[in-house]
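A.B. asks: One structure, as structure tokens, below. Some questions next.
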Amino acid sequence: MSDITHPVPSKFAALANLSPAQYKETYARSIADPEAFWGEQAKRLNWMTAPTQIKDVSWDKSDLHVRWYADGILNVTENCLDRHLKTRGDKVAIIWEGDSPEESKTFTYRELHREVCRFANVMKANGAKKGDRITIYMPMIPEAAFAMLACARIGAVHSVVFGGFSPDALAGRIVDCDSTFVITADEGLRGTKRVPLKVNCDAACDIAAKAAKPVKTVLCVRRTGADVDWDADRDVWLDDAVQTVSDDCAPEPMNAEDPLFILYTSGSTGQPKGVLHTTGGYLVWASLTHEAVFDLKEDDVYWCSADVGWVTGHTYIVYGPLANGATTLMFEGVPTYPDASRFWQVCDKHQVSLFYTAPTAIRALMREGDGPVKATSRSSLRLLGTVGEPINPEAWEWYFNVVGETRCPIVDTWWQTETGGAMIVPLPGTTPMKPGSASLPFFGIEPALVDAEGNELFGAAEGNLIIKDSWPGQMRTVYGDHDRFVQTYFSTYPGNYFTGDGCRRDEDGFYWITGRVDDVINVSGHRMGTAEVESALVSHDAVAEAAVVGYPHDIKGQGIYAYVTTIPGSADDDALRSDLIKHVRREIGPIATPDLVQFAPGLPKTRSGKIMRRILRKIAENSFDALGDTSTLSDPEVVDDLIAKRMNRA
Ligand code: WT7
């Protein structure tokens, strides 16, 4: 936490879209009369039939439903593409920067429109239709965006699965939403590494077939030209199929509440849940937040460095920017290839003015020193954003002083897969900035803090963060499991949306997110359920029991700390340790790689057998004197053993 407050850089403030007074006035209006405010905001979009109903929401557990603009009809791609053709047909819609600095491409709105229509026609020719769930497992190439938009064009529901997930994780997601159509590529490229996407996809198809959920079509994009296995009954090369289709594909009329996409995200229990977002409310929200959060102007070049496999990529690479007719940059590679200057080289090359990345990337680059930054100009930059986890003040200051040379406001955006877009954010130009604080609520958002019993806390306070009323971009349900939606978000504090985050509010009403209060950890800005890593570990033959917690990690924010009890007779050695790590990578993917594995002959449990994670977290953090009450443990000695082992490792 820091007490420093930075004023808005004065040159930025002079040209900002919003003034402090406008923020206050608009916010007050959005809360006082949501119907009027969101009714007005609907006009951001082109509707085939304009909505007359604005908000139809009940957060009452007995009849929980969320509907916005329910009688409106529109198509997302008509809004992201067709409507720009008259005025922005020749404006660049997508700048693609390849893994290699030698490779980049641009697509104007007219070209993008054509690519998307052709892609959609290929999908249709291969049987895809409105309402189908289409899985997208792609590298960061333009075709990933084409695929998402092509789904939206024909009314199919996409489920993008991050290319770093394993075949098992991919299969689980394919099966969960009964997806029979998968879009992938031969391989992905990241730095010097190749990602075997088609191989993984083939393996996932085998797993899905065994679960009696066979994939019927795999549409494959050629990226590297690698040799891949081919199932002629199932697999289709995009570059072949696209030869014979027309450029015309009429946008499918969609109801505002028709699903647009599913995105799987980890929770504190069980398998990842399919967060469902719908069409009209989501697009209003994506478009408004993108414009306001980034102070968007017509000639901006905007770059969000996320992957389209995460919600940030959905809302702030594809849907928000394109709905706003902006130029959006997609980057295939990694921040440190060919060297740690890459991000800033790309900013110079494409004259990026708005840049949005994650604290973990900032910390990793900060470690390389100022040299790689100072080797570049960055004179085009005018705003810097962050997302994914709390940003530590040191990283904030480095981003502000070194990268942005104190002229760019830092916009720290707090939000979640579930919220569809930014919820708590220092709207640029409207507020002084406090490093580490996501600051103030966005229009229409009413955050509150509650204690464990659900009593609302007022003024400066710390508690659990809830949201008191709906907004158009909120998730509508967990795909296929509405009860889980109700249970997860609306039963802890009935009538309110529970975020799962802890939060402090200071004397100025600024919000400071303190991290998850459930069994979810945030690794490099990506959400990981400890239960998922545990079940991957337990599926290894040598493991009897496992408990996973997060611990502070210099670069990743949180690292994955695994306590493992092996079966009798197993050699608890480094070879097993690395085998367990490999096993988890295979089961879930590299993002779930445990950072530390500690063999634990016993785990601290209550007399009723519940693992006391609180204690395990403290031991992992090396805070041995803050263990709290251990007298209720069934076997208090195990704690001493765990501490002794932890100290040996540290
Ligand atoms: C969780 C949501 C939003 C897209 C990326 C992550 C944490 C996110 C911030 C921030 C502090 C943050 C929260 C949240 N988080 N942004 N600016 N400051 N914490 O989406 O995977 O759904 O994770 O990320 O803990 O609950 P996600």
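The values are calculated or read from the model by the stated rules, or taken from the named source; none is laboratory data. Predicted, not measured: the structure shown is a model, and the values here were computed from it. Don't worry about glycine lacking a Cβ; one is built from the backbone with ideal geometry, like all the others, and counts go over all protein chains shown.
A.B. asks: What residue, of 635, 629, 641, is within 18 Å of residue 549 (Cα to Cα), loosely packed, with under 15 Cβ neighbours inside 10 Å and of a type in the set (Asp, Glu)?
C.D. replies: 641
A.B. asks: Within region 448-480, track down each residue that is among the aliphatic types (A, V, I, L, M), at pLDDT 95 or above and loosely packed, with under 14 Cβ neighbours inside 10 Å.
C.D. replies: Residue satisfying the conditions is 460 alone.
A.B. asks: Among the residues of region 15-60, what is the count of those that are in contact (Cβ under 8 Å) with a residue 60 or more places away in the chain, in a loop (DSSP other than H, G, I, E, B) and more than 28 Å from the chain's Cα centre (by Cα)?
C.D. replies: 3
A.B. asks: Of all strands (runs of 3 or more DSSP E) completely enclosed by region 364-455, which ones contain at least 2 residues that are within 14 Å of the ligand (Cβ to nearest atom) and either out of contact with any Phe, Trp or Tyr (no Cβ under 7 Å at 6 or more places or on another chain) or within 29 Å of residue 466 (Cα to Cα) (or both)?
C.D. replies: Working: elements: 383-387, 410-413, 447-450.
Per the criteria, 383-387, 410-413.
A.B. asks: Which of the residues belonging to region 121-142 are part of a strand (DSSP E or B) and closer than 21 Å to residue 257 by Cβ?
C.D. replies: Scanning region 121-142 gives 133, 134.
A.B. asks: From 218, 199, 242, grab the single residue that is closer than 16 Å to residue 137 by Cβ and outside any strand (DSSP E or B).
C.D. replies: Checking each option against the conditions leaves just 199.
A.B. asks: Let me ask another. Any residue in region 89-97 that is among the small types (Gly, Ala, Ser) and more than 20 Å from residue 277 (Cβ to Cβ)?
C.D. replies: Scanning region 89-97 turns up at least one residue that is among the small types (Gly, Ala, Ser) and more than 20 Å from residue 277 (Cβ to Cβ).
A.B. asks: Further question on the same structure: Take residue 122 and decide whether it is within 24 Å of residue 147 (Cα to Cα) and surrounded by 16 or more Cβ atoms within 10 Å (Cβ to Cβ). Break it down into steps so the answer makes sense when it comes.
C.D. replies: Numbers: within 24 Å of residue 147 (Cα to Cα): yes; surrounded by 16 or more Cβ atoms within 10 Å (Cβ to Cβ): yes.
Answer is yes for this residue.
A.B. asks: Continuing with this model, one more query. Hey, could you check region 190-217 for residues that are closer than 19 Å to residue 331 by Cα and touching a residue at least 60 places away in the same chain (Cβ under 8 Å) and say which is surrounded by the fewest Cβ atoms within 10 Å (Cβ to Cβ)?
C.D. replies: Checked region 190-217; the qualifying residue surrounded by the fewest Cβ atoms within 10 Å (Cβ to Cβ) is 192.
A.B. asks: Same structure again: Given the structure, is residue 567 in contact with a strand residue (DSSP E or B) (Cβ under 8 Å, 6 or more places away or on another chain), within 16 Å of the ligand (Cβ to nearest atom) and touching a residue at least 12 places away in the same chain (Cβ under 8 Å)?
C.D. replies: No, not satisfied.
A.B. asks: In addition: Out of the residues in region 505-537 meeting the condition of being charged (D, E, K, R) and not in a strand (DSSP E or B), tell me which one is nearest to the ligand (Cβ to nearest atom).
C.D. replies: 518
A.B. asks: If residue 360 passes every condition in (1) touching a Phe, Trp or Tyr at 6+ places or on another chain (Cβ under 7 Å); (2) within 16 Å of the ligand (Cβ to nearest atom); (3) polar (S, T, N, Q) but one, which one does it miss?
C.D. replies: (1)
A.B. asks: Limited to region 1-14, what total is found for residues that are surrounded by 13 or more Cβ atoms within 10 Å (Cβ to Cβ) and part of a helix (DSSP H, G or I)?
C.D. replies: Within region 1-14, residues that are surrounded by 13 or more Cβ atoms within 10 Å (Cβ to Cβ) and part of a helix (DSSP H, G or I) number 2.
A.B. asks: Same structure, new question: Between 322, 329, which is assigned to a strand (DSSP E or B) and hydrophobic (A, V, I, L, M, F, W, C)? Quick ask: steps written out before the conclusion?
C.D. replies: Working: 322 fails: assigned to a strand (DSSP E or B).
Among 322, 329, only 329 is assigned to a strand (DSSP E or B) and hydrophobic (A, V, I, L, M, F, W, C).
A.B. asks: State whether the residues of region 355-368 include one that is surrounded by fewer than 24 Cβ atoms within 10 Å (Cβ to Cβ), farther than 24 Å from residue 15 by Cβ and free of Cβ contacts under 8 Å to residues at least 24 places away in the same chain.
C.D. replies: No, region 355-368 contains no residue that is surrounded by fewer than 24 Cβ atoms within 10 Å (Cβ to Cβ), farther than 24 Å from residue 15 by Cβ and free of Cβ contacts under 8 Å to residues at least 24 places away in the same chain.
A.B. asks: For residue 59, are the conditions met, namely being in contact with a Lys or Arg (Cβ under 8 Å, 6 or more places away or on another chain) and under 18 Å from residue 474 (Cα atoms)? Before the answer, list the steps.
C.D. replies: Working: in contact with a Lys or Arg (Cβ under 8 Å, 6 or more places away or on another chain): no; under 18 Å from residue 474 (Cα atoms): yes.
No; evaluated as a whole, the condition is false for this residue.
A.B. asks: Checking residue 377 against (1) among the small types (Gly, Ala, Ser); (2) in contact (Cβ under 8 Å) with a residue 40 or more places away in the chain; (3) at negative phi, only one condition comes out false. Which one?
C.D. replies: Status for residue 377: all satisfied but (2).
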